[in-house]
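Encoded as structure tokens, the structure appears first; notes follow it.
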Amino acid sequence: MKEYDDATLVQRSLEGDRAAFSELIVRYQRPVYNAALRLLHDAEEAKDVAQTTFLNVFEHLAKIIFAEHAALFGILQYVLQSL
């Protein structure tokens with residue numbers, strides 16, 4: 001499978017390509033989980049919060065202003081910390 005940059009995957013997700021969003025999850029699940037674990041110090045809570053983070057991003061993807069130079073991980077960290 002061709003590797004796309006984050007901006008392309010976000011655009012494809014907005015066009016209804018669920019596989020594109022799944023690729024973003026695969027790409028960022030470990031760093032998001034690790035960030036949640038550092039904040040919560042509980043593995044199960046960290047899993048739940050990481051999942052909620054991706055759900056929130058998916059639900060609000062169209063509202064996120066995503067510049068090609070923006071780091072998606074930064075957006076994910078922001079959402080994670082706001083939970």
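Filter region 35-59 down to the residues that are closer than 12 Å to LEU76 by Cα, loosely packed, with under 15 Cβ neighbours inside 10 Å and either more than 12 Å from the chain's Cα centre (by Cα) or free of Cβ contacts under 8 Å to residues at least 40 places away in the same chain (or both) and list them by number.
To start, the set of residues in region 35-59 that are closer than 12 Å to LEU76 by Cα comprises 35-36, 49-58.
Still in the running and loosely packed, with under 15 Cβ neighbours inside 10 Å: 52, 55, 58.
THR52, LEU55, listed by residue number.
Hey, any hits in region 8-20 for a residue that's surrounded by fewer than 14 Cβ atoms within 10 Å (Cβ to Cβ), free of Cβ contacts under 8 Å to residues at least 40 places away in the same chain, part of a helix (DSSP H, G or I) and hydroxyl-bearing (Ser, Thr, Tyr)?
The answer is no, given that none of the residues of region 8-20 is surrounded by fewer than 14 Cβ atoms within 10 Å (Cβ to Cβ), free of Cβ contacts under 8 Å to residues at least 40 places away in the same chain, part of a helix (DSSP H, G or I) and hydroxyl-bearing (Ser, Thr, Tyr).
Bear in mind these aren't lab numbers, they're just calculated from the coordinates by the rules spelled out. As the structure is a prediction and not an experimental result, all values here were calculated from the model. We place every Cβ from the backbone using ideal geometry, glycine too, and count neighbours over all the protein chains shown.
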